[in-house]
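> Below is one structure. I have some questions about it.
The values are calculated or read from the model by the stated rules, or taken from the named source; none is laboratory data. Keep in mind that what you see is a predicted model, and the values were worked out from it rather than measured. Every residue, glycine among them, receives a Cβ derived from its backbone with ideal geometry; neighbour counts consider all protein chains shown. Remember, those area values only see protein heavy atoms, side chains included, never the ligands or the DNA or RNA. Shrake-Rupley method; radii C 1.70, N 1.55, O 1.52, S 1.80 Å.
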Amino acid sequence: RPKDIHLENLERAGQHQLRAGPMLQAPSLLSLGACAVAAGVAAHVARRALLHRRSGTPALGFDAALARLSGSSVEDLILIVDFDRTLTDGDSAQCHDVIGATSLVPESLRAGFAPLLDFSDPAKVPYKGDAWWVRANELLLTHASRVLTPETVRRLVHEAPLFGTSTQPMQLRPGAARLLARLSELDVPVLIVSAGFADIIAAFLAARAVPLGSNVRVCSNRLVHDPASGQLTGIEPSPPITGCNKQLTFERNRDWFTTTHRRRRTLVVVGDSLGRRAAWRGRE
């Protein structure tokens, strides 16, 4: 909503062209496609930021964030990005909507997921915190182990209905595909951190011709399938990655940070709420 964000800043940033060179100008980073991503999430985050300011937590302004990137090298950059409603649109179905609400899975699973996905009255959601994800995994293993094969997962991203908190099917946020493609061209490391499912993320991006290049790692829950039958046999890790424990991102990816990309010192975290900042803790 124009009244919620400084659109003139986003438009100005988007006018710059990114060039692979020794220095990265801050506005150029947004011309990767992040400008459109930022525009979409900024209104939501701005409202959250106001609450943080009122509670005494400092909030970094848009121009100040750009200024901090000025002069950084492309070779020094790492991007950590959330998936649901960050790379996807703000009203999209989320990973758990997709996996628990389609006719491709048994009715018993859909019935079990229905109260988990109904946030019309958050006070009535039957499980809180990490227990929500634990219960979702239990339901999947109990009711969908035979049908939730890799082939079914690939079909889910095409056939998931509107459900739960979504008002539209899962779809990419404008600019997200361009962002990932350009980061791949520049070989900028990208860590997609999600409390959803890596299998859904990979299938969704592949269906839209958005390749996950060698520069991308997905840190999310993984469906484990029997190699012969394709049946679901487990979900890793245990305990699951949840929206409440993303502060463990560094520990879960210590080798990626400290060995593979140990020389990179500029970290950009992109998410749909200020809470996503927890994903970088430990990186100092």
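> State the number of residues belonging to segment 223-243 that are hydrophobic (A, V, I, L, M, F, W, C), surrounded by 12 or more Cβ atoms within 10 Å (Cβ to Cβ) and in a loop (DSSP other than H, G, I, E, B).
1
> Hey, another quick one. Restricting to segment 202-222, give me the number of residues that are farther than 13 Å from Leu141 by Cα, among the basic types (Lys, Arg) and not in a loop (DSSP other than H, G, I, E, B). Explain how you work it out, then say what you get.
Our first condition is that a residue be farther than 13 Å from Leu141 by Cα; within segment 202-222, this holds for 202-221.
Still in the list and also among the basic types (Lys, Arg): 208, 217.
In the following step, the residues that additionally are not in a loop (DSSP other than H, G, I, E, B) were identified as 217.
Of the residues in that region, 1 qualify.
> If the requirement is being among the charged types (D, E, K, R), open to solvent by 30 Å² or more (accessible area, probe 1.4 Å) and out of contact with any Phe, Trp or Tyr (no Cβ under 6 Å at 6 or more places or on another chain), which of these qualifies: Arg173, Arg85?
After ruling out the rest, the residue left standing is Arg85.
> If you don't mind, another one. Looking at segment 145-157, I want the residues that are closer than 18 Å to Gln171 by Cβ and have a partner that is open to solvent by less than 50 Å² (accessible area, probe 1.4 Å) and in a loop (DSSP other than H, G, I, E, B) with Cβ atoms under 9 Å, at least 6 apart or on another chain. Which pairs are those?
Arg155/Thr102; Arg155/Leu104; Leu156/Thr102; Leu156/Leu104; Leu156/Val105; Leu156/Leu148; Val157/Met170
> Which of the residues spanning segment 177-234 are over 16 Å from the mean Cα position of the chain (by Cα) and within 21 Å of Ser145 (Cβ to Cβ)?
Answer for segment 177-234, where residues must be over 16 Å from the mean Cα position of the chain (by Cα) and within 21 Å of Ser145 (Cβ to Cβ): Leu223, Val224, His225, Asp226, Pro227, Ala228, Ser229, Gly230, Gln231, Leu232, Thr233, Gly234.
> Would you check which residues across segment 259-284 are under 15 Å from Leu79 (Cα atoms), in a helix (DSSP H, G or I) and modelled with pLDDT of 90 or more and list them?
Thr260
Conditions (1) under 17 Å from Val188 (Cβ atoms); (2) touching a Leu at 6+ places or on another chain (Cβ under 7 Å), marked per residue:
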{"site": "Ala209", "(1), (2)": "no, no"}
{"site": "Arg217", "(1), (2)": "yes, yes"}
{"site": "Ser220", "(1), (2)": "no, no"}
{"site": "His225", "(1), (2)": "no, yes"}
{"site": "Gln231", "(1), (2)": "no, no"}
{"site": "Thr249", "(1), (2)": "no, no"}
{"site": "Thr259", "(1), (2)": "no, no"}
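> Given the structure, is Ala206 under 26 Å from Pro106 (Cα atoms) and modelled with pLDDT of 95 or more?
no
> Name the residue that is nearest to Leu140 (Cα to Cα), counting only residues in segment 91-127 that are surrounded by 13 or more Cβ atoms within 10 Å (Cβ to Cβ) and aromatic (Phe, Trp, Tyr).
Phe113
So that you can scan it fast, the table gives a plain yes or no per residue for (1) in a loop (DSSP other than H, G, I, E, B); (2) among the hydroxyl-bearing types (Ser, Thr, Tyr); (3) modelled with pLDDT of 90 or more:
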{"residue": "Leu109", "(1), (2), (3)": "no, no, yes"}
{"residue": "Ala114", "(1), (2), (3)": "no, no, yes"}
{"residue": "Phe119", "(1), (2), (3)": "yes, no, no"}
{"residue": "Ala136", "(1), (2), (3)": "no, no, yes"}
{"residue": "Leu140", "(1), (2), (3)": "no, no, yes"}
{"residue": "Arg178", "(1), (2), (3)": "no, no, yes"}
{"residue": "Asp187", "(1), (2), (3)": "yes, no, yes"}
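> Give me a count of the residues in segment 254-274 that are in contact with a strand residue (DSSP E or B) (Cβ under 6 Å, 6 or more places away or on another chain) and polar (S, T, N, Q).
1
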